[in-house]
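What follows is a short report on a single structure.
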Amino acid sequence: MTGGSSRTVLVVDDEQAIRLLCRVNLELDGYVVLEAGTLDEARAHLDRIDVDVVLLDVHLGGETSRPLIDELAERRPRIPVAVVTGSADLSVAERSGADAVLPKPFAIEELSHLVDELAARTGPAR
């Protein structure tokens, strides 16, 4: 187990398989994982639950992740955000305003390491 104990990660991706992959592996690392397939679902989770890290797909169907990144930067700047992208143009993701970029496909070890690193920025686990 890595550093996930008592930390919550919100995984926002329109691909259910990606959400499942992240959830299963991050739960094995000790994280509580919430899933959202749309920006509206993500906002609903963020309104109800304290989240420590957000993993956010760059493209969510017809939506882009930028509005949520901007909202979090303004209202909840302590929550680190990593954008996940399958796009060949990583520069778009890198300019998104997120704290980190995780390119698809990714190794499980990369996912775990990145989430541990971002969760450490928010201070001690609750």
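Helical content of the chain, expressed as a calculated mean residue ellipticity at 222 nm, amounts to -12000 deg cm²/dmol (DSSP H runs of 4 or more residues, -39,500 (n - 2.57) each, divided by residue number, nearest 500).
Label separation (ASP14 vs THR64): 1.4 nm, computed from points 7 Å beyond Cα along the C-beta direction. Counting other Cβ atoms within 10 Å as a rough exposure proxy, the listed residues VAL51, VAL32, VAL84 run VAL32, VAL51, VAL84 from fewest neighbours to most. Enclosing the Cα atoms of the chain in their convex hull gives a volume equal to 91 cubic angstrom per residue. Here the spin labels are modelled as points 7 Å beyond Cα on the Cα-Cβ line, and at ARG48 and ALA120 they lie 3.2 nm apart.
For the stretch 36-126, the list of GluC sites (Glu not before Pro) that fall in a loop by DSSP and count at most 15 other C-beta atoms within 10 angstrom is empty. In the chain, Cα pairs under 8 Å separated by at least six residues give a relative contact order of 26 percent.
Here, each number is a calculation from the coordinates, and none is a lab measurement. As the structure is a prediction and not an experimental result, all values here were calculated from the model. Heads up, the Cβs are rebuilt from the backbone with ideal geometry, glycines too, and the neighbour counts pull from every protein chain shown.
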